[in-house]
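Contents: one structure, followed by commentary.
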């Protein structure tokens, strides 16, 4: 009797196994989570908690480079927009010379960097963007920012006329996902990568009419 | 006479015309061509072949009967079919993880300990040499990873998801840099690894000797530095994610000619 039951059980197990092997799609979400969790370890400032995805990164990963459904993209952009903090003193423009230094600096946030504080971070801007004409070693993943302010008619960044483009630019730097849900650009303000002063210097680099960017 | 002089002058001028300012990429290509005559990878290849045949490890055995996928001891052509599924481990393995298996089973080394060893130290130095020689034995051959086993297909799917996995302080994934054609970081051209980027490009160009650091880098080390720049935590040597990415890139590179071990700036 015992044996017979065992037989019946193994027959059932075989049946289940048979069905499982015919199952068209494994549970990839679970398998990916398992793979990521088992493949990385902490090193310096780069801890495994960095693998955790927020709603934005989860949705954009899943899209695999494709477009998100309109409603999903819209909701993510609205949520990103809400994270943006305008400068506390109402001033948006710093020193373009400091901005150029930050734009050139590609350091920050790797496991070989000592500190994750904003003052240890560069802007990494030239990695992806053309900015001044003098710097020929620029990347092409992002659009050219040469003449950024000039092309948008900014003659006085403090004027009421320039206000919309100034606020748009600040928002883009603070949280690039506010205008493009799966933008490839890091969220410099939202992610705590740059502080207000640094962001103002980058603003000056591309918006100040005196900056070489706008010559 | 005057006319002849003028023509001569024009000819000289037009003859000089090709000396236009070279693009940075041209300059780099020229620099690589200059170096290619004496790729220091040769030295690593020779060392790898020597080590392969040498009796080593606690069991004092060579790797000559190691099965890299085409049968015990077959090295030629093995590299362009890796990563692949192995019956004896029941796993999909890339070159480095397969070498770990052989070093443990044949020679008695502790695979986990080698995997934990930093690049450029201890048995990781042997690993660089093996990778250089084994890849060189497939130089000129075309990538043709098997996808017949269900685990190989599953690993490709996992690799694709790993490739597009965005996270970390910069929201980067592999695709941030390698998901579109004709892009650069600074002046560095970036291969689009979501498809076959061409002969000797991307997956078909590693392992490689890096002139800037004077080191021989296997694909494992290449991926490790990608993850560093992606601002991710530290990937384990031969960890599942690295093998899955190898399958994704390798299958995408089907038909691409391997030039490994290549020469990089």
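The values are calculated or read from the model by the stated rules, or taken from the named source; none is laboratory data. Keep in mind that this is a model prediction, so the values were computed, not measured. All Cβ positions, glycine included, derive from the backbone under ideal geometry; neighbour counts span all protein chains shown.
Go through segment A:54-63 residue by residue and tally those that are surrounded by fewer than 20 Cβ atoms within 10 Å (Cβ to Cβ) and touching a helix residue (DSSP H, G or I) at 6+ places or on another chain (Cβ under 7 Å).
Count: 2.
What's the number of the only condition in (1) within 20 Å of residue A:39 (Cα to Cα); (2) surrounded by fewer than 19 Cβ atoms within 10 Å (Cβ to Cβ); (3) in contact (Cβ under 8 Å) with a residue 40 or more places away in the chain that residue B:247 fails to meet?
Here residue B:247 meets the rest and fails (2).
I need the full set of residues from segment A:36-48 which are at the interface with another protein chain (Cβ under 8 Å from one of its Cβ atoms) and buried (at least 20 other Cβ atoms within 10 Å of the Cβ), in order please.
A:36, A:39, A:40, A:46
Looking at residue B:181, is it without any contact (Cβ under 8 Å) to a residue 24 or more places away in the chain and either out of contact with any helix residue (DSSP H, G or I) (no Cβ under 8 Å at 6 or more places or on another chain) or within 24 Å of residue B:115 (Cα to Cα) (or both)?
yes
Out of segment A:113-127, which residues are outside any loop (DSSP other than H, G, I, E, B), more than 7 Å from chain B (Cβ to nearest Cβ) and buried (at least 20 other Cβ atoms within 10 Å of the Cβ)?
A:125
Please state which one of A:179, A:168, A:146 is away from chain B (no Cβ under 14 Å), over 21 Å from the mean Cα position of the chain (by Cα) and within 28 Å of residue B:177 (Cβ to Cβ).
One residue alone meets the criteria, A:146.
Quick one: is residue A:68 more than 8 Å from chain B (Cβ to nearest Cβ) and crowded, with 19+ Cβ neighbours inside 10 Å?
It is false that residue A:68 is more than 8 Å from chain B (Cβ to nearest Cβ) and crowded, with 19+ Cβ neighbours inside 10 Å.
Which residues, counting only those in segment B:186-220, are out of contact with any strand residue (DSSP E or B) (no Cβ under 8 Å at 6 or more places or on another chain), at pLDDT 95 or above and more than 14 Å from chain A (Cβ to nearest Cβ)?
Within segment B:186-220, B:196, B:197, B:198, B:201, B:202, B:203, B:218, B:219 qualify.
Identify, from the list B:208, B:253, the residue that is surrounded by 22 or more Cβ atoms within 10 Å (Cβ to Cβ) and farther than 23 Å from residue A:112 by Cα.
Working: B:208 fails: farther than 23 Å from residue A:112 by Cα.
Residue meeting the stated conditions: B:253.
Could you tell me how many of the residues in segment B:138-185 are in a strand (DSSP E or B), more than 7 Å from chain A (Cβ to nearest Cβ) and under 26 Å from residue A:142 (Cα atoms)?
Looking only at that region, the number is 1.
Scan B:136, B:131, B:162 and give me the residue that is buried (at least 20 other Cβ atoms within 10 Å of the Cβ), under 18 Å from residue A:66 (Cα atoms) and in contact with a helix residue (DSSP H, G or I) (Cβ under 7 Å, 6 or more places away or on another chain).
B:162 is the lone residue from the list that is buried (at least 20 other Cβ atoms within 10 Å of the Cβ), under 18 Å from residue A:66 (Cα atoms) and in contact with a helix residue (DSSP H, G or I) (Cβ under 7 Å, 6 or more places away or on another chain).
Sort through A:81, A:51 and tell me the only one that's in contact with a helix residue (DSSP H, G or I) (Cβ under 7 Å, 6 or more places away or on another chain), modelled with pLDDT of 95 or more and surrounded by 15 or more Cβ atoms within 10 Å (Cβ to Cβ).
Numbers: A:81 fails: surrounded by 15 or more Cβ atoms within 10 Å (Cβ to Cβ).
Among A:81, A:51, only A:51 is in contact with a helix residue (DSSP H, G or I) (Cβ under 7 Å, 6 or more places away or on another chain), modelled with pLDDT of 95 or more and surrounded by 15 or more Cβ atoms within 10 Å (Cβ to Cβ).
Can you confirm whether residue A:75 is more than 12 Å from chain B (Cβ to nearest Cβ), touching a residue at least 24 places away in the same chain (Cβ under 8 Å), over 20 Å from residue A:208 (Cα atoms) and not in a loop (DSSP other than H, G, I, E, B)? Walk me through it before giving the result.
Details: more than 12 Å from chain B (Cβ to nearest Cβ): yes; touching a residue at least 24 places away in the same chain (Cβ under 8 Å): no; over 20 Å from residue A:208 (Cα atoms): yes; not in a loop (DSSP other than H, G, I, E, B): yes.
The answer is no for residue A:75.
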